[in-house]
Amino acid sequence: MELFEGNIITKLPQTGTSIFAVMSQMASEYKAVNLSQGFPDFPISGELIDLVHHFMKQGYNQYAPMPGVTVLRQMLSQMFENNHGVKYDADSEITITAGATQAIYTAISAFVSKDDEVIIFEPSYDSYAPSVIVNGGIVKYARLQYPDYSINWDELPRMISSNTKMIIINSPHNPTGSIMSKEDMLRLETLIKGRDIILLSDEVYEHLIFDGLQHQSASRFPNLASKSIVIGSFGKTFHTTGWKTGFVLAPKNIMAEFRKVHQFVVFAANTPIQYAVAEYLKNPINYTSLGDFYQQKRDYFISAIAESKFKALTCHGTYFQLLDYRAISDEPEMEMATSLVKEFGIAAVPVSSFYRTKENNHTLRFCFAKTEETLNKAAEILCKI
């Protein structure tokens with residue numbers, strides 16, 4: 001096909017191929033054990049698959065209502081009341097989305113205009129900054145403190161200005177596995193009190209928390225909840241990342257603006273999956289057991305590499321484990337990740353890719369949402385390096 005001969009002005013001049021795609025392609029090319037991209041390699045619930053098939057056979061295959069099917073929104077309302085003590089109205093304050101990334105983009109598009117400032121924390125999930133930039137906003141980068149990746153509460157207040165429109169938080173945090181404490185949330189609540197700042201709270205790993213800790217949802221704190229967009233993901237919760245089904249909770253005045261954009265981005269999410277998830281949620285054990293399930297995998301992986309020269313950093317949530325390799329090499333992270341694939345047959349993600357400046361802390365991210373067979377293969381390799 002002939003190329004367009006006009007002048008194409010890119011809105012994202014610094015954006016290339018996602019690091020996840022790069023590392024997964026490299027892993028495939030070199031037939032490496034792939035612990036780079038965040039997806040499980042074990043089967044999902046047979047019951048959940050049967051439920052999707054059931055609702056397909058029942059004829060639930062056309063457009064869902066724009067906000068999502070009523071029964072699923074009602075289940076989410078009940079879940080958040082049970083888990084966090086807060087009541088969201090199923091009709092006006094909950095919307096089902098085509099995954100969390102769509103929800104994030106839609107939320108940013110609905111509220112961020114030209115020259116509005118948005119504060120994000122680095123290292124950060126890679127969709128936040130491009131979504132702000134493509135909508136004409138200005139990204140301000142706060143730096144999480146290495147090695148525990150905690151918020152610098154001396155720095156953050158100085159970053160807020162009269163142009164600050166939104167702050168984006170992510171807990172449990174991808175890529176680091178850190179979590180925000182109750183104290184963190186209370187400080188954030190105090191910081192934005194009386195300001196016209198919307199909090200976008202990415203909580204897609206809310207059920208993947210370990211070590212007896214509790215998820216501190218923005219919905220738990222009334223003065224935060226009143227100005228927060230809370231985003232969740234059934235793909236992360238039920239190991240079904242390819243189903244791309246997520247949800248958003250927000251006060252009705254915020255949700256009304258979200259839906260204005262949502263209807264033109266995707267209109268509605270997958271219908272039979274929504275009905276199936278609503279039915280599956282009726283048994284709370286299907287999500288309350290996930291913390292223990294993934295903690296066992298984290299502990300198994302850490303134990304399996306205990307004799308290696310890699311140092312495991314603290315991970316309280318998600319299904320990612322950071323490993324410090326400075327006892328092995330001084331190579332920058334991308335070079336080290338490339339070497340691991342090409343020379344040793346194992347793929348990870350350099351944490352530097354989650355920084356605008358590609359900061360190098362000699363740390364790689366490994367996904368442990370894998371079978372024991374996969375983790376054993378990975379550990380065998382890592383222990384030989």
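Which value in nm describes the separation of the simple spin-label points at Tyr30 and Thr70, placed 7 Å from the Cα toward the beta carbon?
Label-label distance for Tyr30 and Thr70, simple model: 5.5 nm.
Using only alpha carbon pairs under 8 Å that are at least six residues apart, calculate the relative contact order of the chain and give it in whole percent.
Value for the chain: 24 percent.
Quick check on packing: order 319-327, 39-47, 273-281 by the mean number of other C-beta atoms within 10 Å, highest mean leading.
Values: 319-327: 20.8, 39-47: 13.4, 273-281: 22.9.
Listed from highest to lowest mean packing, they are 273-281, 319-327, 39-47.
At 20 angstrom or more along the helix axis (alpha-carbon based) and mean Kyte-Doolittle of -1.0 or higher, what helices does the chain contain? Whole DSSP H runs only.
Long hydrophobic helices here: 70-84, 290-304.
What order do you get for 339-351, 93-105, 182-194, 297-309 when each peptide is scored by the mean count of other beta carbon atoms within 10 Å, highest first? Kindly include the intermediate steps, with their values, before the conclusion.
Details: 339-351: 21.4, 93-105: 24.0, 182-194: 14.8, 297-309: 17.2.
Top to bottom by mean Cβ count within 10 Å: 93-105, 339-351, 297-309, 182-194.
Using Stokes-Einstein with the Kirkwood hydrodynamic radius over Cα pairs, what translational diffusion coefficient do you get for the chain at 20 °C and a viscosity of 1.002 mPa s, in µm²/s rounded to a whole number?
In µm²/s, the coefficient is 99.
Would you give the gap between the C-alpha center of region 303-324 and the C-alpha center of region 18-65, rounded to a whole Å?
Region 303-324 and region 18-65 have Cα centres separated by 25 Å.
Rank Met166, Leu144, Ala218 by how far each Cα sits towards the positive end of the charge dipole of region 46-282 (+1 on Lys, Arg Cβ; -1 on Asp, Glu Cβ) and give me just the farthest.
Farthest along the dipole direction, towards plus: Met166.
Against the 2.2 N^0.38 Å scaling, with N counting residues, where does region 85-195 land? I'd like the Cα-based Rg ratio to two decimal places.
1.11
With only alpha-carbon pairs counted, each pair once and no self-pairs, how large is the Kirkwood hydrodynamic radius of region 136-197 in angstroms? Write down the numbers at each step before the final one.
On the way: mean 1/r = 0.0786 Å⁻¹.
Roughly 12.7 Å, rounded to one decimal.
Among the lysines, select those whose C-alpha is under 29 Å from the C-alpha of Lys165, and discard any that sit fewer than 8 residues away in the same chain.
Partners found: Lys11, Lys87, Lys114, Lys140, Lys182, Lys193, Lys227, Lys236, Lys244, Lys252, Lys260, Lys358.
The numbers here are math on the coordinates, done by the rules we state, and not lab data. In this text the structure is predicted, and so the values were computed from the model without any measurement. Backbone-built Cβ (ideal geometry, glycine too); neighbour counts: all protein chains shown.
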